[in-house]
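Q: Pasting a structure below so you can have a look.
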């Protein structure tokens, strides 16, 4: 006799000590293995898995037990109002990064103009796609130094019909075309090397290049602040996601670098997460 859905769901206990959302994780993996929704799982507990489905589910359960993030195991993650393909070449998009999107859209307003926007370190393309899908007249330029990450981002943009994005390989602003922009957004690496969080919550499975930076986590943030001055139109905006304890330092750095109307925003957990600033121009 094969494994039933109810029996498979009961195996969530195997990962209970490895995940706070162990039941939900099990439902996601099982639903993926048998191509069914969570509603189906709950209504058809006696359904028997095929041998191949059982093997796939057991393998996924083992990966989760070893700490691998659920998004990598099933190869997808929800963000904003869509779903992205993800793998270990890109960071897993997180809810707090939606604050960066919200802030960007508030800054851009309901402009019908053909605005030019840059997303630096695009990774999976999450931020670029969310902005591009809001207004097809806007032109979004997404940059990443990793060719494999750009491959993921391009795939997601095609799947989500975000045709108003151009992708560029390069390091921060140096990957952009020789143009000026109405808005630059970035979620750069901001953890310091050796940060204790790098071995927690599955971060050890994510690309280190997208997580850590020199100068106690500040080097890429400061680099973008300096470079962006050459690529922003006068009075245009720079938005940066940062670490929980970096906002005050980033605000001071922006002010010293000639930006004005500098402000910060907290994430859904009440943690300082994003700064916005306007470039006063030369």
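Q: Go through segment 202-261 and count every residue that is under 30 Å from residue 63 (Cβ atoms), at pLDDT 95 or above and surrounded by fewer than 15 Cβ atoms within 10 Å (Cβ to Cβ).
A: Count: 0.
Q: Looking at segment 64-86 only, could you name the residues that are within 11 Å of the chain's Cα centre (by Cα) and in a loop (DSSP other than H, G, I, E, B)?
A: 80, 86
Q: Would you point out which residue out of 184, 250, 224 is in contact (Cβ under 8 Å) with a residue 40 or more places away in the chain and part of a helix (DSSP H, G or I)? First the steps, then the outcome.
A: Values: 184 fails: part of a helix (DSSP H, G or I); 250 fails: in contact (Cβ under 8 Å) with a residue 40 or more places away in the chain.
When all the criteria are applied, what remains is 224.
Q: Testing residue 151 on (1) outside any helix (DSSP H, G or I); (2) in contact (Cβ under 8 Å) with a residue 60 or more places away in the chain; (3) on the phi < 0 side of the Ramachandran plot; (4) within 16 Å of the chain's Cα centre (by Cα), one condition comes back false. Which one is that?
A: Here residue 151 clears every test but (1).
Q: For segment 267-277, which positions are surrounded by fewer than 20 Cβ atoms within 10 Å (Cβ to Cβ) and either touching a strand residue (DSSP E or B) at 6+ places or on another chain (Cβ under 6 Å) or part of a helix (DSSP H, G or I) (or both)?
A: 267, 272
Q: How many of the residues in segment 116-145 are in a loop (DSSP other than H, G, I, E, B) and buried (at least 24 other Cβ atoms within 10 Å of the Cβ)? Let's see the steps before the verdict.
A: So in segment 116-145, the residues in a loop (DSSP other than H, G, I, E, B) come out as 121-125, 135-138, 145.
If we keep only those that are buried (at least 24 other Cβ atoms within 10 Å of the Cβ) too, we end up with 121-125.
Number satisfying all stated conditions: 5.
Q: Scan segment 105-125 for residues that are within 15 Å of the chain's Cα centre (by Cα) and under 19 Å from residue 224 (Cα atoms) and jot them down. Break it down stepwise before answering.
A: Of the residues in segment 105-125, the ones within 15 Å of the chain's Cα centre (by Cα) are 119-125.
Once the filter is applied, which keeps residues that are within 15 Å of the chain's Cα centre (by Cα) and under 19 Å from residue 224 (Cα atoms), segment 105-125 yields 119, 120, 121, 122, 123, 125.
The values are calculated or read from the model by the stated rules, or taken from the named source; none is laboratory data. A quick note: this is a predicted structure, and the numbers were derived from the prediction, not measured. Ideal geometry is used to build each Cβ from the backbone, glycine not excepted, and the neighbour counts take in all protein chains shown.
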